[in-house]
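Participant: Take a look at the following structure, please.
The values are calculated or read from the model by the stated rules, or taken from the named source; none is laboratory data. None of these values were measured; they are calculated from a predicted model. Here the Cβ positions follow ideal geometry from the backbone for every residue, glycine too, while neighbour counts run over all protein chains shown.
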Amino acid sequence: MLKTLAIALFAATAAQAAEPLPPTAYIKPAQLVALPDGRKINLFCLGKGAPTVVLDAGWGSGMSAWSKVQPALAETTRVCAFDRPGMGFSEEGPLPRDAKAIVADERATLKAAKIKGPYVLVGHSMAGLHVRLYASLYPKEVAGAVLVDPSNPHQTRRFAEAAPKSAALNETMFKLTRAYADKVIAGTIKPGDAAFTTCYPAPAKTLPEDVRAVMLARQGEGWRLKMQASEVDSMATTSSTDIDATKRPLGDLPWIVLTATGTGKNPSASPEEQAATVAVWKAMHDEAAALSTRGENRMIESGHSIQWDKPDAVIAAVNEVVATVRATRR
C-alpha cells in the first residue's frame, strides 16, 4: 500500500508540464546515429536517470510531436525521441516500412547510441503498433510502456465492419497519399500545386518562418512521402500479422493505454457511425490494455493527439510507469 501511494504521489507531483520546446529546436539534427548499414537516424535525448523513456511519434509526425512532453519527462529521467525514416532528419530506409522494420531501426539506434535498457516505450497512434511488437519480440528490453491513443492490429477491417462509410473516406485519403507520393517523385506535381496542397496542406503561417521553410522543403521530397505511404500500407498487412504472430502475455509489465474521447467523432460522419467508431476504438484499447495484468485503459477528454491537447495526462502516465519500474527494482 505504501509503495502504491508513493508511486501515485510521485506521478502526481511530477506531472506539471515544463516549458515546451520551441519549434526552432527541431529544424536541425540533434544526434545523427549511424546504424550498422550506414544509414543515420536522428535522436534527441534530454535528462538523466533510468529507465530511459523512448518516444515514437504517430504517422506523419517526427520528434517535434513530443515538444510539450519531453522537457517535463526529462526532469524525472532520461528521455529520448527519434525520427523514423521519412521524418525529420533521419535518412531513407528500405521498404516496406512496417512495424518490424521500424522496431529494428529503433533498436539498432538505441544500441548504436549506447543507451542501455530496459526502456519505457511511449508510442502515439501508429507507433502503438511498434511498442506492442517491440514488447513481444524483446520482452527483456522493455520495462514498461504508455500507448497514446494507439493504432491497433487489423483496425482497418474492424472500422470497415462497424462504420463502412467513414472507413471508405479514410481509405480514399490514404489512396491519395500513395498516388501523390509517386507523382512527387516523378515530378508531375510539386509543392504549391492545388493537387499537392489537397493532400499535403502547407504548414501553419503562425510558425516561425525558418521552421516553415524546413517543413515545406520536406514536403517536396518524394522519398519521405513514399516512406509514409508504406507505413500506412503496412498497417493492415505485415504490421498486423507480425503482431499476431508474436503476441504473448506481458505478465505484470507496467502498461498504460490512453484513449482520446474525441477520436472517431468525425463531423462528416453520421451520429451512428461516429458512435460505432468510438465503441470499436475503445474496445481495441481495452484489448491492448489486457495484454498485461497491470494494464489499464484511461479515457482522456482530448483529440487524437493527447500529447499536444492534454500533455499533462501523458506526462503523468509515463512518470507513473517510471516510478513503478524504479520501485520494483529496489
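Participant: Quick one: how many residues across the stretch 178-194 are of a type in the set (Val, Ile, Thr) and surrounded by 18 or more Cβ atoms within 10 Å (Cβ to Cβ)? If you could, list the steps in order and put the result at the bottom.
Facilitator: Residues of the stretch 178-194 that are of a type in the set (Val, Ile, Thr), as a first pass: 184-185, 188-189.
Now restrict to residues that are surrounded by 18 or more Cβ atoms within 10 Å (Cβ to Cβ): 184, 189.
The total comes to 2.
Participant: Of all residues in the stretch 139-165, count the ones that are part of a helix (DSSP H, G or I), charged (D, E, K, R) and at pLDDT 95 or above.
Facilitator: First pass over the stretch 139-165, keeping only residues part of a helix (DSSP H, G or I): 139-141, 155-162, 164-165.
The next check asks that each one be charged (D, E, K, R); those that pass are 140-141, 157-158, 161, 165.
Among the residues that remain, those that are also at pLDDT 95 or above are: 140-141.
So the count comes out to 2.
Participant: Do we find that LEU250 is touching a Leu at 6+ places or on another chain (Cβ under 6 Å) and in contact (Cβ under 8 Å) with a residue 24 or more places away in the chain in this structure? Give the steps one after another, and end with the answer.
Facilitator: On the way: touching a Leu at 6+ places or on another chain (Cβ under 6 Å): yes; in contact (Cβ under 8 Å) with a residue 24 or more places away in the chain: yes.
When the stated conditions are applied, LEU250 passes them.
Participant: Moving on. I'd like to know if the stretch 26-33 contains one or more residues that are part of a helix (DSSP H, G or I) and under 22 Å from PRO254 (Cβ atoms).
Facilitator: The answer is no, given that none of the residues of the stretch 26-33 is part of a helix (DSSP H, G or I) and under 22 Å from PRO254 (Cβ atoms).
Participant: Quick check on this structure: which one of SER270, SER230, SER234, SER240 is in contact (Cβ under 8 Å) with a residue 40 or more places away in the chain, closer than 21 Å to GLU171 by Cβ and surrounded by fewer than 17 Cβ atoms within 10 Å (Cβ to Cβ)? Show your work before the answer.
Facilitator: Working: SER230 fails: surrounded by fewer than 17 Cβ atoms within 10 Å (Cβ to Cβ); SER234 fails: surrounded by fewer than 17 Cβ atoms within 10 Å (Cβ to Cβ); SER240 fails: surrounded by fewer than 17 Cβ atoms within 10 Å (Cβ to Cβ).
After ruling out the rest, the residue left standing is SER270.
Participant: Here is a further query. Cβ-Cβ below 7 Å, separation at least six or inter-chain, first residue in the stretch 96-113 and under 18 Å from SER136 (Cα atoms), second β-branched (Val, Ile, Thr) and part of a helix (DSSP H, G or I): which pairs?
Facilitator: ASP98/THR238; ALA99/ILE243; LYS100/THR238
Participant: Identify all residues within the stretch 55-77 that are surrounded by 20 or more Cβ atoms within 10 Å (Cβ to Cβ), free of Cβ contacts under 8 Å to residues at least 60 places away in the same chain and over 15 Å from ALA316 (Cα atoms); write none if there are none.
Facilitator: GLY62, MET63, SER64
Participant: Name every residue in the stretch 182-228 that is part of a helix (DSSP H, G or I), touching a helix residue (DSSP H, G or I) at 6+ places or on another chain (Cβ under 6 Å) and among the aliphatic types (A, V, I, L, M), in order of residue number.
Facilitator: VAL184, ILE185, VAL211, LEU225
Participant: Among the residues of the stretch 194-240 satisfying the criterion of being under 20 Å from ILE102 (Cα atoms) and of a type in the set (Ser, Thr, Tyr), which is modelled with the lowest pLDDT?
Facilitator: SER230
Participant: Are any of the residues in the stretch 287-298 surrounded by 14 or more Cβ atoms within 10 Å (Cβ to Cβ), of a type outside the set (Lys, Arg) and under 22 Å from GLN70 (Cβ atoms)?
Facilitator: Restricting attention to the stretch 287-298, the residues satisfying the condition of being surrounded by 14 or more Cβ atoms within 10 Å (Cβ to Cβ) are 287-292, 294-298.
Checking the rest, the ones that are also of a type outside the set (Lys, Arg) come to 287-292, 295-297.
Subsequent filtering for residues that are under 22 Å from GLN70 (Cβ atoms) retains none.
The answer is no; no qualifying residue exists.
Participant: Working carefully through the options ALA260, ALA323, find the one that is under 25 Å from GLY49 (Cα atoms) and buried (at least 21 other Cβ atoms within 10 Å of the Cβ). Quick ask: steps written out before the conclusion?
Facilitator: Numbers: ALA260 fails: under 25 Å from GLY49 (Cα atoms).
Exactly one of ALA260, ALA323 is under 25 Å from GLY49 (Cα atoms) and buried (at least 21 other Cβ atoms within 10 Å of the Cβ), namely ALA323.
Participant: Then there is this: Using the structure shown, decide if ALA127 is surrounded by fewer than 24 Cβ atoms within 10 Å (Cβ to Cβ) and among the hydrophobic types (A, V, I, L, M, F, W, C). Reasoning before the result, please.
Facilitator: Numbers: surrounded by fewer than 24 Cβ atoms within 10 Å (Cβ to Cβ): no; among the hydrophobic types (A, V, I, L, M, F, W, C): yes.
For ALA127, the condition - surrounded by fewer than 24 Cβ atoms within 10 Å (Cβ to Cβ) and among the hydrophobic types (A, V, I, L, M, F, W, C) - is not met.
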